[in-house]
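Down below is the structure, laid out as structure tokens.
The values are calculated or read from the model by the stated rules, or taken from the named source; none is laboratory data. Predicted model, so just to flag it, every value in this text is computed and none were measured. We place every Cβ from the backbone using ideal geometry, glycine too, and count neighbours over all the protein chains shown. Note: areas computed on protein heavy atoms with side chains; ligands, DNA, RNA excluded. Shrake-Rupley method; radii C 1.70, N 1.55, O 1.52, S 1.80 Å.
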Amino acid sequence: MLRNDQIDKWDRDHFLHPSTHLAQHARGESPNRIVRTASGVFIEDRDGNRLLDAFAGLYCVNIGYGRQEVAEAIAEQARELAYYHAYAGHGTEASVTLAQMVLERAPKGMSKVYFGLGGSDANETNIKLVWYYNNILGRPEKKKIISRWRGYHGSGLVTGSLTGLELFHKKFDLPLDGILHTTSPYFYRRADPSQDEAAFVAQCVADLEELIDREGADTIAAFIGEPLMGTGGIVPPPKGYWPAIQAVLDRHDILLIADEVVTGFGRLGTMFGSDHYGIRPDIITIAKGLTSAYAPLSGSIVGEKVWKGLEKGTDENGVLGHGWTYSAHPIGAAAGVANLQLLDKLNLVENAGTVGAYLNQSMREALGDHPNVGEIRGDGMLCAVELVADSDTRRFFDASDKIGIQVSAAMLADHKVIARAMPQGDIIGFAPPFCLTRAEADSVVAATAAAVRKVLG
Ligand code: PLP
């Protein structure tokens with residue numbers, strides 16, 4: 001076995017990490033962690049630390065770590081048939097079964113599922129399908145896509161453009177032309193603090209209408225949004241937001257893509273966020289919870305309307321010129337089948353709802369009165385604590401103080417609890433595995449309260 005110092009050197013010398021301060025990492029100025037194993041809600045590293053992972057990796061290990069049923073399904077699939085492609089009508093029992101299981105669970109009106117590898121490539125697929133659809137309908141000008149500031153949809157060329165966070169644009173020449181951003185449904189950070197929720201929703205609608213008028217509805221193909229904004233700060237939609245937005249889109253014949261990479265398969269205590277908030281999407285993006293990240297797999301669930309366009313398109317033009325070598329990879333599909341079976345068998349979606357509500361409530365009780373806590377928000381097994389310099393005025397801390405990072409670092413060092421300092425703002429995010437117990441939720445809350453008090457008094 002390699003020694004820790006050897007691994008550390010190889011890591012610093014050779015591994016270009018995603019979403020990392022590359023220079024500091026290479027120079028050894030920032031910590032690294034080599035994760036060795038995991039079980040339930042705990043991960044263990046090579047230095048012997050056992051950490052409670054209150055972010056389920058990157059909100060993806062929904063069933064919890066170390067599930068032997070899924071490991072066995074993957075091993076069995078690898079022994080039987082590690083790979084075959086899905087082009088030209090090929091499939092495996094696992095991929096066909098998973099398509100069936102996804103559609104059984106999907107909101108009404110969905111027709112087919114295309115399988116990719118991760119959330120970013122699924123959203124790239126979605127945008128291509130939307131463009132294809134409008135070409136088939138004979139409206140080649142209708143191509144622009146609207147997303148929201150602070151939305152997260154991946155970090156590819158188009159998907160990084162859709163993402164409405166500065167970090168993902170800066171120095172990458174993004175966003176690309178044809179990608180537009182509208183107001184973030186972030187009630188706490190509304191520009192006019194005198195607005196109540198209803199007035200703020202009316203503002204979001206008016207801003208969207210104005211953007212559509214300015215650009216011309218006949219140039220806009222689709223609107224993409226997460227039912228609950230995740231990486232932008234774990235922000236549930238204000239009451240009535242989705243039906244109001246949907247009405248605008250319907251009126252202008254603009255498709256709605258619900259990006260359910262985080263919310264799909266139970267994180268809100270319901271199978272899909274679209275059902276949870278009354279959204280009627282044309283396309284749904286799925287990834288993380290599809291396999292609980294036991295193997296890479298994503299999907300684009302296509303609704304009846306778009307499917308009709310694809311059907312017509314291939315009748316007129318022949319084979320759909322879109323696909324990846326690893327589309328519907330059998331190992332990912334086998335993991336997906338076993339994962340969804342386990343989700344049902346252990347009632348994990350229900351647990352995400354009940355223990356998630358307990359986590360949110362306990363967090364409010366522990367920290368709701370703290371002068372530097374601006375807002376505690378969440379839904380299902382998602383929770384966020386937004387820290388501010390002054391809770392009366394919602395004043396931000398100086399970004400250079402890195403308060404969010406300090407708090408999450410204190411949680412880790414003192415309490416061995418992993419929470420995520422969200423990328424924009426001083427927001428501590430929680431998205432634990434669905435199997436979290438109430439006692440484990442208590443540990444997460446106690447660690448957060450102690451760390452906030454240590455850093456901020
Ligand atoms: N969409 C949403 C809502 C996400 O949260 C993410 C990742 O966190 C993505 C898309 C991109 O997924 P991936 O990182 O698998 O490409």
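General remarks:
- Screening LYS112 with (1) more than 14 Å from the ligand (Cβ to nearest atom); (2) touching a strand residue (DSSP E or B) at 6+ places or on another chain (Cβ under 8 Å); (3) open to solvent by less than 70 Å² (accessible area, probe 1.4 Å) gives one miss only, at (3).
- For the stretch 290-298, the criterion of being touching a residue at least 12 places away in the same chain (Cβ under 8 Å) and assigned to a helix (DSSP H, G or I) is met by at least one residue.
- Taking (1) surrounded by fewer than 24 Cβ atoms within 10 Å (Cβ to Cβ); (2) within 16 Å of the ligand (Cβ to nearest atom); (3) not in a helix (DSSP H, G or I) in turn, GLY269 satisfies each apart from (2).
- Residue list for the stretch 420-452, restricted to those being in a loop (DSSP other than H, G, I, E, B) and not β-branched (Val, Ile, Thr): MET422, PRO423, GLN424, GLY425, ASP426, ALA431, PRO432, PRO433, PHE434, CYS435, LEU436
- Test: residue in the stretch 149-159 that is of a type in the set (Val, Ile, Thr) and over 22 Å from the mean Cα position of the chain (by Cα): no
- When each of LEU387, LEU412 is tested for being within 24 Å of PRO185 (Cα to Cα) and either touching a Gly at 6+ places or on another chain (Cβ under 8 Å) or at pLDDT 95 or above (or both), the lone residue that passes is LEU387.
A quick yes/no check of all residues on (1) away from the ligand (no atom under 16 Å from the Cβ); (2) under 21 Å from the mean Cα position of the chain (by Cα):
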| site | (1), (2) |
| --- | --- |
| ASP250 | yes, no |
| ALA258 | no, yes |
| GLY278 | yes, yes |
| ALA295 | no, yes |
| GLU311 | yes, no |
| LEU320 | yes, no |
| VAL337 | yes, yes |
| LEU340 | yes, yes |
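Each row is one residue, and each column tells you yes or no for (1) more than 12 Å from the ligand (Cβ to nearest atom); (2) open to solvent by 30 Å² or more (accessible area, probe 1.4 Å); (3) touching a strand residue (DSSP E or B) at 6+ places or on another chain (Cβ under 9 Å); (4) at pLDDT 95 or above.
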residue	(1), (2), (3), (4)
GLY119	no, no, yes, yes
ASN126	no, no, yes, yes
VAL130	yes, no, yes, yes
GLY138	yes, yes, no, yes
LYS143	yes, yes, yes, yes
TRP149	yes, yes, yes, yes
PHE168	no, yes, no, yes
ASP173	yes, yes, no, yes
ASP192	yes, yes, no, yes
